[in-house]
1. Does any residue in region 55-82 that is in contact (Cβ under 8 Å) with a residue 40 or more places away in the chain and under 24 Å from ARG16 (Cα atoms) come within less than 6 Å, Cβ to Cβ, of a residue that is among the small types (Gly, Ala, Ser) and assigned to a helix (DSSP H, G or I) six or more places away or on a different chain, and which pairs are these?
2. How many residues, within region 5-40, are modelled with pLDDT under 95 and either hydroxyl-bearing (Ser, Thr, Tyr) or within 24 Å of ARG244 (Cβ to Cβ) (or both)?
3. Within 16 Å of ligand 1 (Cβ to nearest atom), among the small types (Gly, Ala, Ser) and over 27 Å from THR213 (Cα atoms), is that true of GLY18?
4. For region 69-100, name all the residues that are in a loop (DSSP other than H, G, I, E, B) and among the aliphatic types (A, V, I, L, M).
5. For region 197-214, how many residues are modelled with pLDDT of 95 or more and crowded, with 19+ Cβ neighbours inside 10 Å?
6. Only one of (1) touching a residue at least 40 places away in the same chain (Cβ under 8 Å); (2) surrounded by 14 or more Cβ atoms within 10 Å (Cβ to Cβ); (3) within 16 Å of ligand 1 (Cβ to nearest atom) is not met by SER42, so which one is it?
7. So, restricting to helices (runs of 4 or more DSSP H) that lie completely within region 113-215, which ones have at least 3 residues that are in contact (Cβ under 8 Å) with a residue 24 or more places away in the chain and not aliphatic (A, V, I, L, M)?
Amino acid sequence: MSASSATLEIRGVTRRFGKNTAVSDITISIPRGQMVGIIGRSGAGKSTLLRMINRLIDPSQGSIFFDGAEVSRLQGSPLRRWQRDCAMIFQQFNLVPRLDVLTNVLLGRLNHRSTVSNLLGMFTRTECAEAVAALERLDIARTALQPAGTLSGGQQQRVAIARAMMQQPKVLLADEPIASLDPLNAKVVMDSLREINSREGITVVTNLHTLDTARAYCTRIIGMAAGRVVFDGGPDDLDRDAVRTVYGADASGAEISEAITSTSVTIKPKITASAGPLEPAFPGY
Ligand SMILES: Nc1ncnc2c1ncn2[C@@H]1O[C@H](COP(=O)(O)OP(=O)(O)OP(=O)(O)O)[C@@H](O)[C@H]1O
Ligand SMILES: [Mg+2]
């Protein structure tokens with residue numbers, strides 16, 4: 001694989017919702033293996049950008065390429081292949097609560113398989129062994145037979161990561177993966193993402209709402225404001241002026257300090273329209 005392959009390229013991408021422009025003419029290139037944190041105020045367009053990358057929603061303008069192929073134009077089975085290569089985890093985990101943990105993890109393998117074997121609902125011994133191994137790596141194999149809904153938030157997010165890994169992705173997108181977790185669980189989840197990134201060379205792009213987390217874990221930080229990229233650099237480049245640019249000139253010193261140091265448990269209100277049917281729901285379970 002050449003150094004330039006498996007690059008994720010976002011070229012002039014805009015997304016409008018009615019008159020509201022959520023993402024405005026963004027161009028960024030993310031080489032294979034980077035661990036990228038996206039920061040910005042609520043409504044800056046972070047989730048919209050991630051959703052366009054794995055095609056939960058489509059850009060209004062512009063193109064997205066991966067490894068030279070235009071993923072923003074894919075339809076049918078090539079689109080499903082891209083969504084397999086580009087796994088996504090969410091703030092609210094999106095597990096099927098009454099199914100056991102192991103089955104939830106195996107669901108990550110669904111789109112690798114034929115429709116017939118999916119209909120029969122059968123997983124091979126190898127797939128089950130891989131799912132257990134994924135759970136072991138995240139230190140939650142002992143929960144394999146419990147209904148996923150009975151696990152703590154931190155454990156559920158680790159199950160969601162194990163499910164994503166069963167997709168054997170090339171890119172892992174995470175939309176505020178620790179926003180619902182206490183600091184200890186947040187650390188376990190971020191450590192897992194870092195491990196996946198460094199050990200497997202999987203590109204990780206994660207929206208984060210605290211600067212200290214972005215600084216501690218990401219090699220590259222992209223700051224968004226009002227749908228645009230207003231900062232793109234390493235953690236050391238993110239000085240107080242850059243923070244003000246990202247969070248707005250009107251951000252008070254207290255707000256900036258909060259963004260820098262907050263480790264509090266935060267459950268942010270979700271936008272119903274964007275958190276609804278577009279997220280994988282595994283109908284039928
Ligand atoms: N499905 C949708 N329908 C209409 N407007 C939407 C939809 N999804 C997002 N928006 C709007 O697009 C803008 C960007 O929203 P987005 O969810 O991407 O922001 P964000 O940076 O992820 O915010 P947060 O930090 O609160 O998660 C907001 O003004 C939002 O209201
Ligand atoms: Mg968001």
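The values are calculated or read from the model by the stated rules, or taken from the named source; none is laboratory data. Here the structure is a predicted model, which is why all the values come from computation and not from measurement. Glycine gets a Cβ as well: all are built from the backbone with ideal geometry, and neighbour counts include every protein chain shown.
1. Once the first residue is in contact (Cβ under 8 Å) with a residue 40 or more places away in the chain and under 24 Å from ARG16 (Cα atoms) and sits in region 55-82, its partners that are among the small types (Gly, Ala, Ser) and assigned to a helix (DSSP H, G or I) give PRO59/SER72; SER63/SER72; ILE64/SER72.
2. Summing the residues that are modelled with pLDDT under 95 and either hydroxyl-bearing (Ser, Thr, Tyr) or within 24 Å of ARG244 (Cβ to Cβ) (or both) in region 5-40 gives 1.
3. Values: within 16 Å of ligand 1 (Cβ to nearest atom): yes; among the small types (Gly, Ala, Ser): yes; over 27 Å from THR213 (Cα atoms): yes.
Taking the combined requirement at face value, the residue satisfies it.
4. Filtering region 69-100 for residues in a loop (DSSP other than H, G, I, E, B) gives 74-75, 91-99.
Across region 69-100, the qualifying residues are LEU74, LEU95, VAL96, LEU99.
5. Count: 10.
6. (2)
7. Counting at least 3 such residues, we get 125-137, 153-166, 183-200.
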